[in-house]
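Asks: Questions regarding the structure given below will be posed in turn.
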Amino acid sequence: MNPWLLLIIPIASAVIIQLGLKRNATASALLSTLSVASTFIIAYLLLGKEHSAAPIEWINVAGLKLEIGLQLDSLSKGMMIVVTAIGMLVHVFSLGYMKNDEAKARYFGCLSLFMFSMTGIVLASNFVMMFIFWELVGLSSYLLIGHWYHKDSAADAAKKAFLTNRIGDFGFMIGILMLWGIMGTVVFADMDGSKFSPLCTCLTGTVVLLIFCGAIGKSAQLPLHVWLPDAMEGPTPVSALIHAATMVAAGVYMMARFYLSVGTELLPAWSSETIAWIGGLTSLFAALMATQQNDIKKILAYSTLSQLGYMIMAVGLVDANAGMFHLYTHAWFKALLFLGSGAVIYACHHEQDIWKMGGLFGKMKITAITFIIGTMALTAVPGTSGFFSKEGILHAAHESNQALFYIAVIVAALTTFYMFRLIFVAFFGNAKNEHAEHAKEVPPVMWIPLALLAVMAFASPFLGKFIPATEGYHPHLGFEMNAVTIASLLAFAIGFIAALTLYKGKTSDPINIPLFRNKFYFDELYAWIIKIFQDALAAIIHFLDAFIINAMIIGGLTRSAVGIGNIFRRYAQSGSISGYAFLMAVGALLVIYFTVFASK
Amino acid sequence: MPTPSLNEYLIISGLLFAIGLGGVIMRRNIIVIFMCLELMLAAASLTLVAFSRFNVTDKGLPDYDGQMLVFFIITVAAAEVAVGLAIIVSLYRARQSIHTDELTSLKG
């Protein structure tokens, strides 16, 4: 079972669709789904066994040696299962959701391209290869967010996502180059953490933080989080796959891979603390913003931001395994929630405002039940997978950093609050809109993936082989009463009761906090900053152009040429005949002198 | 009185030429300019005749090449005068003036 097939199959599917099958939507859909299914089977077969793939030499010039290789350890194999399984379920769901779309072939082609790029990130054996696929994933995200590019908002959102990602990638690239300079190699397996010891901690910390910049961009941490809510302009299955389960998790995966290769002994505390605080603050801000959103997908997007903050916080608390475990469980239940919201949107004829839904529990039992299961997992109800993974992170926070622990607990309470707000408003109460009145259950091609994901929402921690973490990692799968569990249960209770009292049976939002609803005005702030810099730059360039180039250089040259010309004009073009005669005489004398007397 | 040698003749023709050149440059009346032009031609002819007079060459016979050239010069001068006077007449008809410092349309 050649591991290279994991890369070849999706790109072959994308190329075939792009080159041949653009008019045949059903064939493209089937081809793409089959390719993902086969990669899932291959990934499953690769589990547990030792495989190695000989790297392909790409560049080998004097001193510069780069290769394309695959790294197959438990971290990457577990991640492959997540990527391909959720990818497969999303493909199946899309067969139903995108049934009446006009550009189905392009959609499935871009999905195959995304699967290829994500596989590349997961299996990359060196940082440069990972960076290449990192950018490819950004491109696939751009293509998929902008799938309905005729809509201005979708095109703008795609552009915003790509540009914000690029800003993060700038720091990422510098970090990779610095790491390359320190380590002498970019291959993960060859990296040696002890090379950090002769350096001062400020240098090591800077390298770590620069590499983390890539994760800030890709995993949408503060301050580059602004693209993820706008990315909801893409089709819902895309949001499920890319912006919940896989692509945004790439940042966390990259940090885990980095820590695994380099070893965490010599990493300075201040860089890890910065990472943890960025994660903690992201989760707090995102949770606050989510409490006031009215679009079902935006609520889930902010929830993703918040959970990513948790994962990054775990990475910063130097417990990358806890972060990866949460990534793993989160992938399943967040994909479930997004696909469930897709089913709801489909049933309500593409209505996304929760205040225009209501009473869906009676009409869409399967969707509602799976959605509630996903919410239970997200809010860490004991017994669900989310409980075990969140407990791991809270435990890590409790041991290292009390302030972050309190923030994490507050975020857990807020998570419960806004998720149950969503459930009470959208699924219970009376239907507030005629679309919601006539909603009915979605076809099986859409609810079967939901059911499978709901099963995984309970079962995922127990499938040890699937967990992407260091070899032999066993998450703590028991329930005991200690400070962490009590805090988590208390947070759940507070959030649930608050949501129950405030939102059960209501038809409009009783709370109104513009600061949260307008996302803390981050977008306006960025637009203002960009405007100021652009205006300043434009003014400087205008000054250079109008005064220095136009007036001084070009004007100066003109005036000096005219001046020199005037000198000649005064003597040679005086208009007086005697003057001309005089010059002629002088010329004749000079000629006689030079021919007869001077040149011998 | 001693007979003048070649040098004296050359000095005189040089002086004549210089006076003619000065007249062409400095005089304003176009007919006077023309006359000074003729003066320059005459000076050149005088130079040629002087050289012919003082150059006794092969077999004791005088060298008549200079005097032959003077014939041509006189012919050319006559033709040139005819053309030049025609130009002056048409200039007077166009500008009603014979003073050269009033002819400035080439000033630029």
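Asks: Normalising by the residue count of segment A:1-101, find the relative contact order in percent from Cα pairs under 8 Å and 6+ residues apart. Kindly include the intermediate steps, with their values, before the conclusion.
Replies: On the way: 86 pairs, mean separation 29.8, N = 101.
For segment A:1-101, the relative contact order is 30 percent.
Asks: Which whole number gives the average count of other chain Cβ atoms within 10 Å of the Cβ atoms across peptide B:19-27?
Replies: Mean number of neighbouring Cβ atoms from other chains: 3.
Asks: Only Cα pairs under 8 Å and at least 6 apart count here; give the relative contact order of segment A:258-336 as a rounded whole percent.
Replies: 33 percent
Asks: So how do A:D156, A:D545 line up by other beta-carbon neighbours within 10 Å, fewest first?
Replies: With the fewest neighbours first, A:D156, A:D545 line up as A:D545, A:D156.
Asks: Considering the Cα positions of chain A, please state its Rg to one decimal place and its Dmax as a whole number of Å.
Replies: 31.4, 121
Asks: What is the angle, in °, between the Cα long axis of helix A:444-459 and the longest principal axis of the Cα atoms in chain A? Nearest 10 is fine, range 0 to 90.
Replies: Roughly 80 degrees, rounded to the nearest 10.
Asks: Add -39500 (n - 2.57) for each DSSP H run of 4 or more in chain B, then divide by its residues: what number comes out at 222 nm, to the nearest 500 deg cm²/dmol?
Replies: Helix contribution divided over all residues of chain B: -25500 deg cm²/dmol.
Asks: Just how large is the dipole of segment A:1-158 about the Cα centre, in debye to the nearest 20, putting +1 at every Lys and Arg Cβ and -1 at every Asp and Glu Cβ?
Replies: 400 debye
Asks: I've got another one for you. Rounded to the nearest 500, what is chain A's calculated 222 nm mean residue ellipticity when only DSSP H runs of at least 4 contribute -39500 (n - 2.57) each, over all residues?
Replies: Computed mean residue ellipticity for chain A: -22500 deg cm²/dmol.
Asks: For the protein assembly as shown, with the dipole built from +1 on Lys and Arg beta-carbon atoms and -1 on Asp and Glu ones, taken about the Cα centre, which of B:L37, A:L46, A:G184 lies farthest toward the positive end?
Replies: B:L37
Asks: Along segment A:422-432, what does the Karplus equation 6.51 cos²θ - 1.76 cosθ + 1.60 (θ = phi - 60°) give for ³J(HN,Hα), rounded to whole Hz, x for Gly and Pro?
Replies: Once rounded to whole Hz, the list reads 4, 5, 5, 6, 8, 9, 10, x, 9, 5, 9.
Asks: Whose amide H sits under 5 Å from the amide H of A:L70, counting only residues 5 or more places off or on another chain, with H placed in the peptide plane?
Replies: The answer is A:A53.
Asks: In the protein assembly as shown, if the dipole is taken from +1 on Lys/Arg beta carbons and -1 on Asp/Glu beta carbons about the Cα centre, which of A:Y593, A:L477, A:L89 is farthest to the positive end?
Replies: Positive-end residue among those listed: A:L89.
Asks: Let me ask something additional. Considering only DSSP states other than H, G, I, E and B, which trypsin sites (Lys or Arg not before Pro) in segment A:1-67 qualify as loop sites with at most 16 other Cβ atoms within 10 Å?
Replies: A:K22, A:R23, A:K49
Asks: If you don't mind, another one. Amide H to amide H, which residues 5 or more places from B:D63 or on other chains are under 5 Å from it, using H placed in the peptide plane?
Replies: Answer set, sorted by chain and number: B:N55, B:T57.
Asks: Sticking with this one: Near A:I59, within a Cβ-to-Cβ distance under 14 Å, what is the net charge of the other residues, with Lys and Arg +1 and Asp and Glu -1?
Replies: -1
Asks: Here's something else I'd like to know. Dividing the Cα convex hull volume of segment A:66-197 by residue count, how many Å³ per residue is that?
Replies: Expressed per residue, the convex hull around the Cα atoms of segment A:66-197 is 110 Å³.
Asks: Another question about this same structure. With everything on Cα atoms, drop me the angle between helix B:6-26 and the longest principal axis of chain B, reported from 0 to 90° to the nearest 10.
Replies: The angle comes out near 0 degrees.
Asks: Using a simple charge model, +1 on the beta-carbon of Lys and Arg, -1 on the beta-carbon of Asp and Glu, nothing else, what dipole does segment A:499-600 show about its Cα centre, in debye to the nearest 20?
Replies: Working: 9 positive and 5 negative charges, 30 e Å.
Magnitude of the dipole: close to 140 debye.
Asks: Pop out the ³J(HN,Hα) list for segment A:179-189 in order, Karplus 6.51 cos²θ - 1.76 cosθ + 1.60 with θ = phi - 60°, rounded to Hz; leave Gly and Pro as x.
Replies: 5, 4, x, 6, 7, x, 8, 9, 6, 4, 5
Asks: Taking Cα atoms, how many degrees apart are the long axis of helix A:320-347 and the longest axis of chain A, rounded to 10 and kept between 0 and 90?
Replies: Approximately 80 degrees, to the nearest ten.
Asks: Which is the longest run of chain A containing none of the GluC sites (Glu not before Pro) found in DSSP loop states (not H, G, I, E, B) with at most 11 other C-beta atoms within 10 Å?
Replies: Counting only loop sites that pass the neighbour cut-off, the longest clear stretch is A:266-470.
Asks: How far apart, in nanometres, would the label points at B:L91 and A:V15 be if each is projected 7 angstrom from Cα along the Cα-to-Cβ direction?
Replies: Between B:L91 and A:V15, the label points sit 8.8 nm apart.
Asks: Segment A:80-130 to segment A:1-27: how many Å between their Cα centroids?
Replies: Centre-to-centre distance over Cα atoms comes out at 11 Å.
Asks: Give the residue from A:G316, B:A86, A:S385 lying farthest towards the positive end of the charge dipole for the protein assembly as shown; charges sit on Cβ (+1 for Lys and Arg, -1 for Asp and Glu) and the dipole is referred to the Cα centre.
Replies: B:A86
Asks: List, in order, the whole-Hz ³J(HN,Hα) value for each residue of segment A:462-468 obtained from phi through the Karplus relation with A = 6.51, B = -1.76, C = 1.60 and θ = phi - 60°; use x for Gly and Pro.
Replies: 8, 8, x, 5, 7, 6, x
Asks: Something else about it: Can you compute the charge dipole magnitude of the protein assembly as shown about its Cα centre, using +1 on each Lys and Arg Cβ and -1 on each Asp and Glu Cβ, nothing else charged? Give it in debye, rounded to the nearest 20. Intermediate results must be reported in sequence, preceding the final value.
Replies: Numbers: 42 positive and 40 negative charges, 256 e Å.
Roughly 1240 debye for the protein assembly as shown.
Asks: Give the residue list of trypsin sites (Lys or Arg not before Pro) in segment A:532-588 that are DSSP loop and have at most 11 other beta-carbon atoms within 10 angstrom.
Replies: none
Asks: May I ask for log10 I(q)/I(0) of segment A:94-160 at q = 0.17, 0.18, 0.19 Å⁻¹, from a Debye sum over the Cα atoms as equal point scatterers with solvent left out?
Replies: -0.65, -0.71, -0.76
Asks: Could you grab the relative contact order for chain A? Cα pairs under 8 Å, six or more apart, rounded to a whole percent. Spell out each step's value before the answer.
Replies: On the way: 949 pairs, mean separation 79.2, N = 600.
13 percent.
We did not get these values from a lab; they are worked out from the coordinates using the rules stated. What you see is a predicted model; the values in this text were computed from it and never measured. Neighbour counts run over all protein chains shown; Cβ positions are idealised from the backbone, glycine included.
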